[in-house]
2 protein chains.
Amino acid sequence: MSAAASVVLGAVLRHGPIARSALARACGLSPAAVTRACAALSDLGLLVEVPEAVPYQGIGRPHVPVDIDTTRHVVAGIHVAHLHCTLTLVDLRGGVLVRREIPHGTPDDPHEVLTTAADQLLALHAERLPGHIPIGLGVAAGGWVDPAHGVIVRHASLGWRDTEVRDLLTARTGLPVRVDSHARALARAEQLFGAARGRESLLHLFVGNVVGAAIVTGGAAHLGPRAAAGDVAHLALGDPAVTCACGKRGCLEATVSDRAWATRAFRAGVISRPLIFDLVDAALAGSAEAKANLAERARLVGRAAAVLFDFLDPEVLVVTELGTNRLPSCAAALRDEVAAMSRASGDVVLASSFGEDVLAVAAGAVQLDALYADPLSIRNPVWQGV
Amino acid sequence: MSAAASVVLGAVLRHGPIARSALARACGLSPAAVTRACAALSDLGLLVEVPEAVPYQGIGRPHVPVDIDTTRHVVAGIHVAHLHCTLTLVDLRGGVLVRREIPHGTPDDPHEVLTTAADQLLALHAERLPGHIPIGLGVAAGGWVDPAHGVIVRHASLGWRDTEVRDLLTARTGLPVRVDSHARALARAEQLFGAARGRESLLHLFVGNVVGAAIVTGGAAHLGPRAAAGDVAHLALGDPAVTCACGKRGCLEATVSDRAWATRAFRAGVISRPLIFDLVDAALAGSAEAKANLAERARLVGRAAAVLFDFLDPEVLVVTELGTNRLPSCAAALRDEVAAMSRASGDVVLASSFGEDVLAVAAGAVQLDALYADPLSIRNPVWQGV
DNA sequence: GCGTTTATCTTTCACGTTGGAAGAAACTGC
DNA sequence: GCAGTTTCTTCCAACGTGAAAGATAAACGC
């Protein structure tokens, strides 16, 4: 309920260890309100005082910086990919504490995949971080996801339809469960912990086997009435010469998705198997041909991003894509292309902040999003007793 | 400040004459809160009781419907077009009470154009509606406008740059002044009084001599850090064969703007002068060639709109364009094209609600937007005295 | 015709959140 | 050790809200 608590916790997250007096200025709240909010958040184990963190130099009573307490709670995350689930335990700053990948038993059976993942995640928690109280469980998946109902409407690669995730896993784990799409989860992560920290608008373009986008305006993700906002997979922003499985021409996904591009590179003789990792590895190993090939993809992604950027005009554009995230030359190609084709200046175009941990962070961010929106809702009876 | 007053006034606007009890249900407020809000709004002359409006049939104490009081206040509007200003006095329901067009004296002198318009508008008010208290002045213009600073950054056709409108006209008229772009003003009008009534997301595409869009998400217009959101004029969504004055190919504005399309139709021999009105008049007079020509434009607009729609996934798409607004066949062509090229079903694609009055309503809506956002800010000392 | 029933609207009161002001606390400088 | 300074806390009044009780105005039933 208390709006102040949410604002204060968000400001602490952004500004690191920070004194209450500075918080009051940063949040536009009275000192009294900040004290009250900090007390409440401290009682819940979300905030700690760290007197030694920022030594006080000046005159007067020394300040007592507060910071996010990452030692008490964890957030669990499940990312449902094509061949495996990524299980994660993430702290309140989005730091990945534990990560494990488990292959799907029976990919056609959502119930089995999800309950197995949840069970293993609980076991992982009991084994590795028994002292951390789990706040909730976030589930991220590529494709069309309806976070309002906790449903994977259409999983991008597994063919699942209208899979009710939230109710299933809440019953199974007893934790609050939130579900969201890949692209939106990562957008929120960028906004909380990454490049878009503190920004109120953001366009996040995710290019993997799935291609998707997330639109953040006014500080909140825009879902659309069908939760389909940002579905750019089949926009005609790609190569017009490519015919997509959907029947249309020039679909973005058919042009630049991992699978599509790997196939294209394979046919062009750049790699010997149609696997994107082969292409990236070759580029990392120094192959000029592979580098040029990936830069070409980055430019195609950039051309599409330029259109979306100019239309939406967000504060930041973040692109999550294997090549640009690992190869500076690709990131530069992307940036140049966007700058050339749009009003965006180079400094608002950024590669994902999360490196290898993208999937792990995404899954956790789904739940952390909810925490930072309403921190006082964490009324965990287990914790209250300690 | 009171959030309830804004919510209540908005609900009254949407639901016409409505009983307080029904308002409480519609707004999710307690009856007490509604009573208080209505009393405050009544005192300000924004609301009236209309006991006879909805005769009560059932048992129990009869309800007393309340409605927007359109008899006390007016909002002034100035729309700055290429050759003239449209001056308007609009009531609180967006109804145009007075409209007058005045040609620019010296189009190159923003100061002269704006002050003349403001002076004439004040005179018009004194002459025609002296009993109505002016709440404020809205200014709408095509191009790049920064409403946060009240500045026309770049007028689309007059070549004005960084014209400070708000401060100039506040000083001149003593009224609160708000400035916004054409596309956003009309989007807000659609949301308040038109097709998008009560919707929280909306994409409005405006096609005139200027081509622009407005993005509404979460109930509020998205501006972007430079107030440039929705600038679709130079997106490559038009005919790739067309080269734009900006140097790029396929720009939307170079393809479908009034001027560009009229020129194209003129060259094709459909009309004898490159004037869009000739084309529309011919079509209205029954010319099959002109109709086909305008339907082709509607389809091109639809193709561009489809991409933007699928990306943003708004609840409604509203297109303001001369042909589709006046010719059912064009509206149908647009609808069909959007439905074919996007996920949008036909019923979310709508032509503008305001017919001949588009410009007049747009100018007024800029200020009405502010009124409905914070009705209690109308502390007009003149009114308080009555 | 008069009390009962029903629904609308208003008033009263308690609650929660906030900012302002005063006070307590902790340190420096003289 | 005392003034000066800044941080943080406590107390209190203001505000907006919902719940509940009360007032009001009609139809209904006998």
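Around the amide H of A:C85, modelled in the peptide plane, lie the amide H atoms of A:I102, A:H104, all under 5 Å away and 5 or more residues distant in sequence or on another chain. For the pair B:D109 and B:H15, the difference between a 0.36 nm per residue extended length and the Cα-Cα distance amounts to 29.5 nm. Evaluated at q = 0.20, 0.21, 0.28 Å⁻¹, a Debye calculation over the C-alpha positions of segment B:1-68 (equal weights, vacuum) places log10 I(q)/I(0) at -0.72, -0.80, -1.36.
At a Förster radius of 35 Å, what calculated FRET efficiency corresponds to the Cβ-Cβ distance of B:I102 and B:D162, to the nearest 0.05? Let's see the in-between values first.
Details: r = 24 Å, r/R0 = 0.68.
With R0 = 35 Å, the Cβ-Cβ based efficiency is 0.90.
Taking square-rooted eigenvalues a ≥ b ≥ c of the alpha carbon gyration tensor, is segment A:239-370 rounded, prolate or oblate, where a/c under 1.5 means rounded and, failing that, a/b exceeding b/c means prolate? Spell out each step's value before the answer.
Values: a/c = 1.41, a/b = 1.24, b/c = 1.14.
Taking the square roots of the gyration eigenvalues as a ≥ b ≥ c, segment A:239-370 is rounded.
Given R0 = 45 Å, the distance between the Cβ atoms of B:K248 and B:S272 translates into a calculated FRET efficiency of 0.90. Other residues lying with their Cβ under 11 Å from the Cβ of B:A363 contribute a combined charge of 0, Lys and Arg counting +1, Asp and Glu -1. In sequence order, segment B:33-38 has phi-based couplings of 4, 5, 4, 4, 4, 4 Hz under the Karplus curve 6.51 cos²θ - 1.76 cosθ + 1.60, θ = phi - 60°, and Gly or Pro positions carry x. Across segment B:155-167, rounded Karplus estimates of 3J(HN,Hα) from the backbone phi angles (6.51 cos²θ - 1.76 cosθ + 1.60, θ = phi - 60°) give 6, 5, 10, 8, x, 5, 10, 6, 8, 7, 8, 4, 5 Hz, Gly and Pro being marked x. With a 1.4 Å probe on protein heavy atoms only, tell me which residues of segment A:219-245 lose at least 40 Å² of accessible surface in the complex relative to the chain by itself. In segment A:219-245, residues shielded by partner chains: A:H222, A:P225, A:R226, A:L235.
Placing R0 at 22 angstrom, the Cβ-Cβ distance between A:A148 and A:S377 gives a FRET efficiency of 0.85 after rounding to 0.05.
Taking label positions 7 Å along the Cα-Cβ direction at both B:S287 and A:R197, the computed distance is 6.2 nm, reported to one decimal. Taking the DSSP bridge list for chain A and keeping only pairs wholly inside it, about 60 percent are antiparallel. Taking 7 Å steps out from each Cα toward its Cβ at A:E127 and B:R128 produces label points 7.9 nm apart. With its label point defined 7 Å out from Cα along the Cα-to-Cβ axis, B:Q120 lies at 7.5 nm from the matching points of the other copies, in increasing order. The heavy atoms of A:R128 offer some 120 square angstrom of accessible surface to a 1.4 angstrom probe.
Between the amide H of A:G208 and those of A:D258, distances stay under 5 Å, these residues lying 5 or more places away or on another chain, with hydrogens modeled in the peptide plane.
In segment A:10-151, the alpha-carbon atoms span a convex hull of 143 Å³ per residue. Legend: residues in segment B:304-337 shielded by at least 40 square angstrom of accessible surface upon adding the remaining protein chains to the isolated chain (1.4 Å probe, heavy atoms) are B:V307, B:F311, B:L312, B:D313. Would you mind classifying the protein assembly as shown by shape? Square roots of the alpha carbon gyration tensor eigenvalues, ordered a ≥ b ≥ c; an a/c under 1.5 is rounded, otherwise it is prolate if a/b is larger than b/c and oblate if not. Cα axes put the protein assembly as shown in the oblate bin. Between A:S30, A:G323, A:L124, the Cα set farthest toward the positive side of the dipole of chain A (charges on each charged residue's Cβ, about the Cα centre) is that of A:S30. For the protein assembly as shown, the dipole from Cβ point charges (+1 on Lys and Arg, -1 on Asp and Glu) about the Cα centre works out to 100 debye, to the nearest 20. Calculated over chain A, the projected area of the Cα convex hull averaged across directions stands at 20.9 nm². Interface between chains A and B: roughly 2400 Å² of accessible area buried, both sides summed (probe 1.4 Å, protein heavy atoms only).
Couplings 3J(HN,Hα) of segment B:227-233, computed from phi: 6, 10, 4, x, 7, 9, 3 Hz, in residue order, whole Hz [Karplus 6.51 cos²θ - 1.76 cosθ + 1.60, θ = phi - 60°; x for Gly and Pro].
A probe of 1.4 angstrom, applied to the heavy atoms of all protein chains, finds B:M341 with accessible area near 70 square angstrom. Volume per residue of the convex hull around the Cα atoms, evaluated for segment B:173-226, comes out as 120 Å³. For A:K248, the distances from its label point to the matching points in the remaining copies are 2.0 nm, ordered from shortest, with each point set 7 Å beyond Cα toward Cβ.
Between amide H atoms placed 1.01 Å from N, distances below 5 Å from B:R154 occur with B:W144, B:D162, all of them 5 or more places distant or on a separate chain. Based on the Kirkwood approach, the hydrodynamic radius assigned to segment A:202-307 is 14.6 Å, with every pair of different Cα atoms included. Think of each Lys and Arg Cβ as +1 and each Asp and Glu Cβ as -1; about the Cα centre, that makes the dipole of chain B roughly 420 debye.
Across peptide B:207-218, the mean count of Cβ atoms from other chains lying within 10 Å of each residue's own Cβ comes to 2.
The values are calculated or read from the model by the stated rules, or taken from the named source; none is laboratory data. Computed from a predicted structure; not experimentally measured. Here Cβ is always computed from backbone atoms with ideal geometry, including for glycine, and neighbour counts include all displayed protein chains. The accessibility values were calculated without ligands, DNA or RNA, using every heavy atom of the protein model including side chains. Shrake-Rupley method; radii C 1.70, N 1.55, O 1.52, S 1.80 Å.
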